[in-house]
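Let me begin by presenting the structure, written as structure tokens, before commenting on it.
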Amino acid sequence: MTSSPRASHGGSPASLARDFGGLVHGAPARVARPSSAREVSLAFRSAGSDGLAVAVRGAGHSQSGHTVVRDGLVIDTSRLCGVMLREGDILEVGGGQPWGGVIDALHGTGLTVPVLTDSAFPTVGGTLSAGGFGAASVRFGAQVGHVERLEVVTPAGDLATCSRDVEPELFDAVRAGQGQFGVITRAWLRLRRCPSRIRYYHLRYVDMDRLADDVERLYADPRYGHLRLELRPHAGEALFRVGIEYEPPGPSPLELLLGLGCVEAQFAADADDIGRAGLLPDDQFPRQRFYPWRDWFLPWRALRRLLARPPVPLDVLPDELGWAGCFFIGSAHIDAPALVRPPGDRFFSYSVLPMFERRAEAVEARARLDVADRAIRDLGGCAYVSGATGYDASRWRAHFGEARHARLVRLQRAVDPAGLLRRPGLPFCA
Ligand SMILES: Cc1cc2nc3c(=O)[nH]c(=O)nc-3n(C[C@H](O)[C@H](O)[C@H](O)COP(=O)(O)OP(=O)(O)OC[C@H]3O[C@@H](n4cnc5c(N)ncnc54)[C@H](O)[C@@H]3O)c2cc1C
């Protein structure tokens, strides 16, 4: 199978002046749209000789301002696309390829990506630079754990192919490296074999203790391959979306649901496209709104406490607009040292994703979420750097731990001697 689904995320310089979050603004002076590793190298070299700061941009779905650079050069990866199935269930894919095209290319092959995020728009290079979590993280951890090899162009303009065996230091820095070590131009991803269908149920809970019991039970039962929990504290309830991959006829609802502590269980969907079936509706979060989103990881032991008493004030939690919830994550497949997470064989994510019409409201919510960040760190949690963090240099050091941060800073200096990618607020600035 070979396909080159067109990437649709490239935009005008004006549209590159903000990211999805919309809280950081700055139009670039120039935009490069390379279609090969060689052109990425030329773009870095031209920025170096013209003294321009550089930002690497995939679909711009992050919210931290990492892809925004006022008066600098944006390297827009939208032409670095293409999907090709290789021997041994390996997928070779362009770094700028949106995941939607990957899902569509694999549909009907009996193969899938181990973990998909909630949205089809982000690119392969973009989510590998963050970590990449989703409902299937319960069984397969993070996307960064399923990468075999990466082709990377460093800010010095050098082309490297790295893996666990070849240039492992670079491989370990680039995965979850926030785009600070170069551009992922191509990735080789390990796929998994999958059954032909998936069925979803929605389980509604009003008793958070019973919900916590069921999280434990479903986590322990491998039939439940997809778990996504939506928290609705305003309504005093939670909605658990539970997905089961199967070959027909599959298990009966009675087998799957009997004995659970929910007050209502509804059949939600049955589909032959395991990839698409798990995605959020495209219009759930319209562009051009303001999203001061925060994502965290918490140790498993904090689960009951978080469900009973969310550490974020109720008036900042999304009500009608937005989303708050959890993925449950097995650590076994996560071997990317730049991805900071709680210790142990499992942990969970907690995302607070409010949506605002007006920027001022979003800025105010962001400040309140900074306070929540401290409360979550007190519970043993840490930021998942896919949304905003607002961290300064000393907080970044604390986030990574002094030794790990120093190692990553050293490598960042080595691959980016001119400091093209370094800007205040980014993780490896000092
Ligand atoms: C609606 C929505 C739903 C989401 N759902 C999830 C989810 O379920 N799970 C999850 O884990 N995340 C989720 N995210 C977060 C999203 O996956 C991350 O922010 C991701 O980094 C965005 O990918 P992107 O292609 O848009 O990257 P961008 O936002 O363009 O860039 C993100 C970072 O990656 C770097 N980067 C981008 N491309 C490359 C490349 N080719 N090489 C090197 N560095 C690069 C950038 O410099 C930047 O630091 C969601 C975001 C949105 C808006």
Only one residue in Glu245, Glu237 is without any contact (Cβ under 8 Å) to a residue 40 or more places away in the chain, more than 16 Å from the ligand (Cβ to nearest atom) and crowded, with 18+ Cβ neighbours inside 10 Å, so which one is that?
Glu237
Which of the residues spanning segment 41-76 are free of Cβ contacts under 8 Å to residues at least 60 places away in the same chain and surrounded by fewer than 18 Cβ atoms within 10 Å (Cβ to Cβ)?
Ser46, Ser49, Asp50, Gly51, Arg70, Asp71
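For (1) at pLDDT below 95; (2) small (Gly, Ala, Ser); (3) outside the structural domain of Ala235 (by TED's automatic domain parsing), each residue gets a yes or a no:
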{"position": "Pro253", "(1), (2), (3)": "yes, no, no"}
{"position": "Glu264", "(1), (2), (3)": "no, no, no"}
{"position": "Arg289", "(1), (2), (3)": "yes, no, yes"}
{"position": "Leu298", "(1), (2), (3)": "no, no, yes"}
{"position": "Asp315", "(1), (2), (3)": "yes, no, yes"}
Condition first: within 8 Å of the ligand (Cβ to nearest atom) and either within 24 Å of Glu247 (Cα to Cα) or in contact with a Phe, Trp or Tyr (Cβ under 8 Å, 6 or more places away or on another chain) (or both). Now tell me which residues in segment 96-115 satisfy that.
Pro98
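Each row is one residue, and each column tells you yes or no for (1) more than 14 Å from the ligand (Cβ to nearest atom); (2) in a loop (DSSP other than H, G, I, E, B); (3) outside the structural domain of Arg217 (by TED's automatic domain parsing); (4) in contact with a strand residue (DSSP E or B) (Cβ under 7 Å, 6 or more places away or on another chain).
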position	(1), (2), (3), (4)
Leu85	yes, no, yes, yes
Phe121	no, yes, yes, yes
Gly125	no, no, yes, yes
Phe133	no, yes, yes, yes
Val138	no, no, yes, yes
Val144	no, no, yes, no
Glu151	no, no, yes, yes
Across segment 270-310, what is the number of residues that are more than 15 Å from the ligand (Cβ to nearest atom), surrounded by fewer than 17 Cβ atoms within 10 Å (Cβ to Cβ) and in a helix (DSSP H, G or I)?
4
Determine, yes or no, whether Leu159 is farther than 26 Å from Phe285 by Cβ, away from the ligand (no atom under 12 Å from the Cβ) and in contact (Cβ under 8 Å) with a residue 40 or more places away in the chain.
yes
State which residue pairs qualify: first residue among the polar types (S, T, N, Q) and inside segment 18-40, second residue in a helix (DSSP H, G or I) in any location, beta carbons under 8 Å apart, and separation of 6 or more residues or different chains.
Ser35/Arg79
Restricting to segment 237-269, count the residues that are closer than 17 Å to Tyr219 by Cβ and outside any loop (DSSP other than H, G, I, E, B).
9
Can you find a residue that is surrounded by 17 or more Cβ atoms within 10 Å (Cβ to Cβ) and more than 16 Å from the ligand (Cβ to nearest atom) anywhere in segment 343-358?
yes
Segment 167-185 - residue that is within 18 Å of Ala142 (Cα to Cα) and charged (D, E, K, R) and, of those, nearest to the ligand (Cβ to nearest atom)
Arg175
Here the residues within segment 220-240 that are of a type in the set (Gly, Ala, Ser) and out of contact with any strand residue (DSSP E or B) (no Cβ under 7 Å at 6 or more places or on another chain) are Ala220, Ala235, Gly236
In segment 53-75, which residues are more than 9 Å from the ligand (Cβ to nearest atom) and charged (D, E, K, R)?
Arg70, Asp71
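How many residues are among the basic types (Lys, Arg) and closer than 19 Å to Val124 by Cα if we restrict to segment 39-73?
Total satisfying the criteria: 1.
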Search segment 217-236 for residues being under 19 Å from Phe140 (Cβ atoms) and outside any loop (DSSP other than H, G, I, E, B), and hand back the single one that is nearest to the chain's Cα centre (by Cα).
Arg228
Scanning for something free of Cβ contacts under 8 Å to residues at least 24 places away in the same chain, under 25 Å from Asp19 (Cα atoms) and out of contact with any Leu (no Cβ under 8 Å at 6 or more places or on another chain), does segment 302-309 turn up at least one residue?
no
So the helices (runs of 4 or more DSSP H) completely within segment 331-430 holding 2 or more residues that are touching a residue at least 24 places away in the same chain (Cβ under 8 Å) and among the acidic types (Asp, Glu) are 359-378
Residue count for segment 374-407, restricted to those that are more than 16 Å from the ligand (Cβ to nearest atom) and either farther than 18 Å from Arg305 by Cα or out of contact with any strand residue (DSSP E or B) (no Cβ under 7 Å at 6 or more places or on another chain) (or both)
17
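The values are calculated or read from the model by the stated rules, or taken from the named source; none is laboratory data. These numbers were taken from a predicted model, which means no experiment stands behind them. Note: ideal-geometry Cβ built from the backbone for every residue, glycine included; neighbour counts use all protein chains shown.
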